[in-house]
Amino acid sequence: MIEVGTELPALTVTLRREDLVRYAGASGDFNPIHWNDRMAAALGLPGVIAHGMLTMASAVRVVTDWIDDPADLVEYGVRFTKPVVVPDDDKGAGVTFSARVDKVADGLAEIDITAVAGEEKVLGRARAVVRVR
Amino acid sequence: MTIDATMVGRSYAAAESYQVGREKIREFADAIGDRNPAYRGDDAIAPPTFAFMVGSRALEELLNDEELGLRLDRIVHGAQKFNYTRPIKAGDNIAATATITTVRKAGPVEVIMYETTLTTVDGEPIATATSTLSHNRADA
């Protein structure tokens, strides 16, 4: 039974440079700010940053790992509020995702997702809507 | 030329349909570190954000419209939303069309919203993606 206030199991993802390169290849987004320090600095960024779409893909795992069938996701949206800076080291950047059921009505559950890297929230208004059975 | 509100409503279809293969779905799921079994095998569905990659073929056409005067290296992705009629699945042949829905200007920054519809080539709806981009015309 899905109820308002239910907390979903949290998920921590570590993003390393290798992960950004792999995502660039798989997605076709080869924007150099996601792999090249020189280009990132030239654009005034604090360093190479993760693809927003990679962070978005990671965040929704909190929801799709929790529901039985990812096909029950009907809506998913985020705002990219802060970049996730990924250093060129073995540690990478950790991003922790948590989520809570905010509303249940008409066979749908609305779930708010929080994404934190370091001390900062990197996504805003991250929300998924799933069919509940 | 630069983008302005008179360009709301312009539509850009991807040059070719996107043929979804199960190995591409697997590669994408691996790249996002997602081991969900739903994304593997003959009956694989695609992870939710796979839809952005399919829609980006239509975005390419939008960015190629010289009248808008947009440069990829001046664009920041501000927000993204998907509404799914059904998941993308292996074997789908998808047509993507991006339509400009909003243009707002604040000094050198243009905030552009566009909506990308994904359907099968036969017209069956799959998903709609709503994207917000900030384009900064100021020289750094």
Checklist entry - Out of segment A:33-44, which residues are in contact with a helix residue (DSSP H, G or I) (Cβ under 7 Å, 6 or more places away or on another chain), part of a helix (DSSP H, G or I) and closer than 27 Å to B:ALA29 by Cα? => result A:ILE33, A:HIS34, A:ALA40
Next on the checklist: Can you confirm whether A:ASN31 is surrounded by fewer than 19 Cβ atoms within 10 Å (Cβ to Cβ), more than 25 Å from B:PRO37 (Cβ to Cβ), at the interface with chain B (Cβ under 10 Å from one of its Cβ atoms) and more than 10 Å from the chain's Cα centre (by Cα)?
Outcome noted: yes
Next on the checklist: Quick check on A:ALA57: is it in contact with a His (Cβ under 8 Å, 6 or more places away or on another chain) and not aromatic (Phe, Trp, Tyr)?
Outcome noted: no
Item to check | Out of B:GLY91, B:GLY55, sole residue that is surrounded by fewer than 17 Cβ atoms within 10 Å (Cβ to Cβ) and of a type in the set (Gly, Ala, Ser) | outcome: B:GLY91
Checklist entry - Name the pairs whose Cβ atoms lie under 8 Å apart, with the first residue in segment A:1-23 and closer than 30 Å to A:TRP35 by Cβ and without any contact (Cβ under 8 Å) to a residue 60 or more places away in the chain, the second polar (S, T, N, Q) and not in a helix (DSSP H, G or I), and 6 or more positions between them or separate chains? => result none
Checklist entry - Hey, any hits in segment A:64-83 for a residue that's of a type in the set (A, V, I, L, M, F, W, C) and touching a His at 6+ places or on another chain (Cβ under 9 Å)? => result yes
Checklist outcome for this item: By residue number, the members of segment A:34-44 that are surrounded by fewer than 19 Cβ atoms within 10 Å (Cβ to Cβ) and without any contact (Cβ under 8 Å) to a residue 12 or more places away in the chain are A:ARG38, A:MET39, A:ALA41, A:ALA42, A:LEU43, A:GLY44
Next on the checklist: Checking B:ARG22 against (1) within 27 Å of A:ASN36 (Cβ to Cβ); (2) in contact with an Asp or Glu (Cβ under 9 Å, 6 or more places away or on another chain); (3) not hydroxyl-bearing (Ser, Thr, Tyr): exactly one of these is not met. Which one?
Outcome noted: (1)
Next on the checklist: Here's a check for you: in segment B:21-39, which residue that is crowded, with 17+ Cβ neighbours inside 10 Å and among the charged types (D, E, K, R) is nearest to the other protein chains (Cβ to nearest Cβ)?
Outcome noted: B:ASP34
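When the residues of segment A:45-62 are filtered to those that are assigned to a helix (DSSP H, G or I) and more than 9 Å from chain B (Cβ to nearest Cβ), which remaining residue is surrounded by the most Cβ atoms within 10 Å (Cβ to Cβ)? Break it down into steps so the answer makes sense when it comes.
Residues of segment A:45-62 assigned to a helix (DSSP H, G or I): A:52-59, A:61-62.
Right, trim to more than 9 Å from chain B (Cβ to nearest Cβ) and you get A:55, A:59, A:62.
Details: A:THR55: 27, A:ALA59: 25, A:VAL62: 23.
This residue is A:THR55.
Hey, which of the strands (runs of 3 or more DSSP E) in segment B:74-140, taking only ones fully inside, have at least 2 residues that are free of Cβ contacts under 8 Å to residues at least 40 places away in the same chain, more than 23 Å from A:ILE49 (Cα to Cα) and out of contact with any Asp or Glu (no Cβ under 9 Å at 6 or more places or on another chain)?
Working: elements: B:75-84, B:93-106, B:109-120, B:125-136.
By residue number, B:109-120.
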Next on the checklist: From the list B:ALA13, B:ALA44, exactly one residue is of a type in the set (Gly, Ala, Ser) and within 12 Å of chain A (Cβ to nearest Cβ). Which is it?
Outcome noted: B:ALA44
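For segment A:70-85, give me each residue that is outside any helix (DSSP H, G or I) and either within 14 Å of chain B (Cβ to nearest Cβ) or basic (Lys, Arg) (or both).
To start, the set of residues in segment A:70-85 that are outside any helix (DSSP H, G or I) comprises A:73-85.
Those that are outside any helix (DSSP H, G or I) and either within 14 Å of chain B (Cβ to nearest Cβ) or basic (Lys, Arg) (or both): A:LEU73, A:VAL74, A:GLU75, A:TYR76, A:GLY77, A:VAL78, A:ARG79, A:PHE80, A:THR81, A:LYS82, A:PRO83, A:VAL84.
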Next on the checklist: Can you pull out every residue in segment B:77-109 that is more than 8 Å from chain A (Cβ to nearest Cβ) and at pLDDT below 95?
Outcome noted: B:LYS105, B:ALA106, B:GLY107, B:PRO108, B:VAL109
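The values are calculated or read from the model by the stated rules, or taken from the named source; none is laboratory data. Predicted model only: the values in this text are computed from it and were never measured. Because the Cβ atoms are built from the backbone with ideal geometry, glycine has one as well, and the counts that use them run over all protein chains shown.
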